[in-house]
Amino acid sequence: MIRTDVVTDLLWGDNGKGKITHALLKNHKYDYCLKLAGSANAGHTIYHNGDKFVTHLLPAGIFFNVPSVIGRNCLIHTETFFNEIEVLQSQFNKHDDLKKIDIKSLVKIDTNTCIITDDHIAEDSKDTTIGSTKRGVGPASRDKYARTSVQVQNVSELKPFVIDFPQIIQNKKDVSILGEGAQGFYLDVNFGEYPYVTSTHCSLAAVPLNGIPISSISRIYGAIKIYSTYVGKKEFQGQDPRFDLIAEAGSEYGSTTGRRRQVNWLDMDKLIYSLKINDVTDLIISKIDIFRKLNIFSLIKDGEVFEFKNENSLKEFIVHDLKSSGCNSIKNIIFSESPYEI
Ligand code: IMP
Ligand code: MG
């Protein structure tokens, strides 16, 4: 039997998927950690026993010696892939309980994954319209769908890493998988505010697109923060001067590009739409500590800003609103207030 849990971002990315994936790997046994979408445009911040790490393409399974697969819904630039392994391995070597881990032997790439070329990156670097991370994802996706791309199975340097992941899991009697999402629902090319989107599928649809049977999904962990952030060209941050305070207190700078993320209130209606489409079972709302520190307790409902007296009344409103809005798949709502754990 195949059993799958998924971590997916419900808004515009950067909502703590790294932290959640890390916590799940620590507390449950998974046979594989599978990266579901994106490329080196993604950035996950992970704290492991006090040390900070940033991953892009590599799944977080590497922190727990769990075989870590880059799924075929992802894209891969060969040199960036090897660089990320090297950078993380040298960090691992300096860390007491990570130094025994050999990242190279844990990482696999699914055979039909398409590559990003240097030319794709050069082309993407000229983007001035949508605020790309300039990692080549747009041009590489265009070529993937134009059927002119190259798959990793035909790249000699990558051959030692290549496996047929869907086939492997079908052949096993029992296998458990943690699917690690990238980006976020409103950056998915089908759901975001086009063209301010990425070019891949980073909603829950990424699960079957990587060859994982839908019926194997057991828990769907949805990640958000108590406020919203977005990085890219469209205008997202409102006029309220408190957004700048939140950005500083919350260290809202991109882990891939270092760009300052735009901030706005959490929009309940956008959240509810995303929760329903992504069938979330466990909602994890991070950075409560930032609101507490600034004594700010606001959100948007029906297009209006609601101000709350304190943390409790804000939390109660959220729980009540989700219950009364027909988010029937939700079993747990967790308010998280630490970058280290959920
Ligand atoms: P691209 O995927 O690099 O072309 O970027 C498209 C849009 O998605 C831009 O607004 C990026 O800032 C945003 N984006 C891409 N990857 C991430 C991510 O992992 N987190 C947050 N935003 C992202
Ligand atoms: Mg990120």
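Is it the case that some residue within the range 45-52 is among the charged types (D, E, K, R) and farther than 23 Å from Pro339 by Cβ? Within the range 45-52 (the criterion being among the charged types (D, E, K, R) and farther than 23 Å from Pro339 by Cβ), the answer is no, since none of the residues qualifies.
Summed over the range 166-190, residues that are buried (at least 20 other Cβ atoms within 10 Å of the Cβ) and either more than 24 Å from Thr133 (Cα to Cα) or acidic (Asp, Glu) (or both) total 5.
Of the residues that sit in the range 38-95 and are β-branched (Val, Ile, Thr) and within 16 Å of ligand 1 (Cβ to nearest atom), which one is modelled with the lowest pLDDT? For the range 38-95, the residue satisfying everything is Thr45.
Taking Tyr221 as the residue in question, decide whether it is of a type outside the set (Asp, Glu), assigned to a helix (DSSP H, G or I), under 14 Å from the mean Cα position of the chain (by Cα) and within 16 Å of ligand 2 (Cβ to nearest atom). So Tyr221 fails the test. Selection of the range 113-131 for residues being in a loop (DSSP other than H, G, I, E, B), at negative phi and under 21 Å from the mean Cα position of the chain (by Cα) yields Thr113, Ile116, Ile130.
Yes or no, residue by residue, for (1) of a type outside the set (D, E, K, R); (2) in a loop (DSSP other than H, G, I, E, B); (3) within 14 Å of ligand 2 (Cβ to nearest atom); (4) free of Cβ contacts under 8 Å to residues at least 24 places away in the same chain:
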site	(1), (2), (3), (4)
Val7	yes, no, yes, no
Val54	yes, no, yes, no
Val66	yes, yes, no, no
Val69	yes, no, no, no
Phe81	yes, no, no, no
Ile85	yes, no, no, no
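Among the residues making up the range 228-259, those that are outside any loop (DSSP other than H, G, I, E, B), surrounded by 19 or more Cβ atoms within 10 Å (Cβ to Cβ) and over 17 Å from the mean Cα position of the chain (by Cα) are Phe243, Ile246, Ala247. Can you spot a residue in the range 191-212 that is touching a Ser or Thr at 6+ places or on another chain (Cβ under 9 Å), β-branched (Val, Ile, Thr) and surrounded by fewer than 20 Cβ atoms within 10 Å (Cβ to Cβ)? The answer is no, given that none of the residues of the range 191-212 is touching a Ser or Thr at 6+ places or on another chain (Cβ under 9 Å), β-branched (Val, Ile, Thr) and surrounded by fewer than 20 Cβ atoms within 10 Å (Cβ to Cβ). In summary, strands (runs of 3 or more DSSP E) completely within the range 297-342 and bearing 3 or more residues that are under 29 Å from Thr45 (Cβ atoms) occur at 298-301, 332-335. Residues that are under 23 Å from the mean Cα position of the chain (by Cα) and either assigned to a helix (DSSP H, G or I) or not hydroxyl-bearing (Ser, Thr, Tyr) (or both) within the range 132-144 comprise Lys134, Arg135, Gly136, Val137, Gly138, Pro139, Ala140, Ser141, Arg142, Lys144, listed in sequence order.
Would you confirm whether or not the range 219-237 contains a residue that is touching a Ser or Thr at 6+ places or on another chain (Cβ under 7 Å), among the basic types (Lys, Arg) and over 18 Å from Thr45 (Cβ atoms)? Checked against the condition, which is being touching a Ser or Thr at 6+ places or on another chain (Cβ under 7 Å), among the basic types (Lys, Arg) and over 18 Å from Thr45 (Cβ atoms), the range 219-237 yields at least one hit. Filtered by the rule that a residue be in contact with a Ser or Thr (Cβ under 8 Å, 6 or more places away or on another chain) and either under 24 Å from His77 (Cβ atoms) or of a type in the set (A, V, I, L, M, F, W, C) (or both), the range 14-33 gives Asp14, Lys17, Gly18, Tyr32, Cys33.
The values are calculated or read from the model by the stated rules, or taken from the named source; none is laboratory data. Everything numeric here is computed off the predicted structure, so don't read it as measured data. In this analysis, Cβ positions are derived from the backbone assuming ideal geometry, glycine residues included, and neighbour counts consider all displayed protein chains.
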